[in-house]
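The values are calculated or read from the model by the stated rules, or taken from the named source; none is laboratory data. Please read all numbers here as calculations on a predicted model, not as lab measurements. Backbone-built Cβ (ideal geometry, glycine too); neighbour counts: all protein chains shown.
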Amino acid sequence: MATTGSPPQHEIRPGVPGDASELSRLFAELRHPSSAESIAGRWAEWSAEGNSALVAAMPDGGLLGAAMLHRTIVLHRPKPVGRITALIVDARYRGQGIGRALVAAAESALSASGCGLIEITSNRRLVEAHAFYERLGYAASSFRFVKELAVPSPDRG
């Protein structure tokens, strides 16, 4: 349950591979379980593909929340598109401005990198999150369709 009042002392800073354990805990709240080892193991490739993270970090290293960012160049838009691919605030600290601060920091970072549009992806079941994004000035604009693909096994021959 979210608390009201001021959140614990924290700073918004770039995420680093050492945040993997706390990110794993936060992703589980989004129903996207991923082990700290898996997150840390993918970090270099993930960041090389234009991704970054912002975290709301407490002095002890614990995370109150995180935003995953991606910048991509598309042929149908004159400027790169920024995307917040995941935004999560620890359920104990929701309603205290942490999500708003993370989105503002994401907007600043993506704007500084030349993006002309920001998208936020959100699961349809997260109705409260949708209302939050709308309060921040975002509008629903399209649907995303997904399909799981089978990963081919490496050749053994």
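Pick out, from segment 46-157, the strands (runs of 3 or more DSSP E) lying fully within it that include 3 or more residues that are at pLDDT 95 or above, under 15 Å from the mean Cα position of the chain (by Cα) and among the acidic types (D, E).
Here the list is empty.
Would you confirm whether any residue within segment 105-114 is within 25 Å of H10 (Cα to Cα) and touching a residue at least 60 places away in the same chain (Cβ under 8 Å)?
Yes, some residue in segment 105-114 is within 25 Å of H10 (Cα to Cα) and touching a residue at least 60 places away in the same chain (Cβ under 8 Å).
With respect to I98, is the statement that it is among the aliphatic types (A, V, I, L, M) and either out of contact with any Leu (no Cβ under 8 Å at 6 or more places or on another chain) or free of Cβ contacts under 8 Å to residues at least 60 places away in the same chain (or both) true?
no
Across segment 26-43, what is the number of residues that are closer than 20 Å to S122 by Cβ, touching a Leu at 6+ places or on another chain (Cβ under 9 Å) and at pLDDT 95 or above?
Adding up the residues that qualify gives 1.
For segment 115-152, which positions are more than 19 Å from A101 (Cβ to Cβ), without any contact (Cβ under 8 Å) to a residue 24 or more places away in the chain and in contact with a strand residue (DSSP E or B) (Cβ under 9 Å, 6 or more places away or on another chain)?
S141, S142
What are the pairs, 6+ residues apart or on separate chains, where a residue within segment 1-16 that is farther than 16 Å from A105 by Cα has its Cβ under 6 Å from a residue that is at pLDDT 90 or above?
Cβ pairs passing all conditions: A2/R94; A2/G95; P7/Y93; P7/Q96; P7/I98; P8/M58.
Any residue that is surrounded by 12 or more Cβ atoms within 10 Å (Cβ to Cβ), in contact with a helix residue (DSSP H, G or I) (Cβ under 8 Å, 6 or more places away or on another chain) and hydroxyl-bearing (S, T, Y) - is there at least one of those in segment 114-123?
Yes: segment 114-123 contains one or more residues that are surrounded by 12 or more Cβ atoms within 10 Å (Cβ to Cβ), in contact with a helix residue (DSSP H, G or I) (Cβ under 8 Å, 6 or more places away or on another chain) and hydroxyl-bearing (S, T, Y).
Taking the stated definitions as given, is Y93 surrounded by 17 or more Cβ atoms within 10 Å (Cβ to Cβ), under 23 Å from P8 (Cβ atoms) and hydroxyl-bearing (S, T, Y)?
yes
Could you pull out the residue among I39, I73 that is touching a helix residue (DSSP H, G or I) at 6+ places or on another chain (Cβ under 6 Å), without any contact (Cβ under 8 Å) to a residue 24 or more places away in the chain and among the aliphatic types (A, V, I, L, M)?
I39
Please count how many residues of segment 14-45 are surrounded by fewer than 18 Cβ atoms within 10 Å (Cβ to Cβ) and either outside any loop (DSSP other than H, G, I, E, B) or of a type in the set (D, E) (or both).
15
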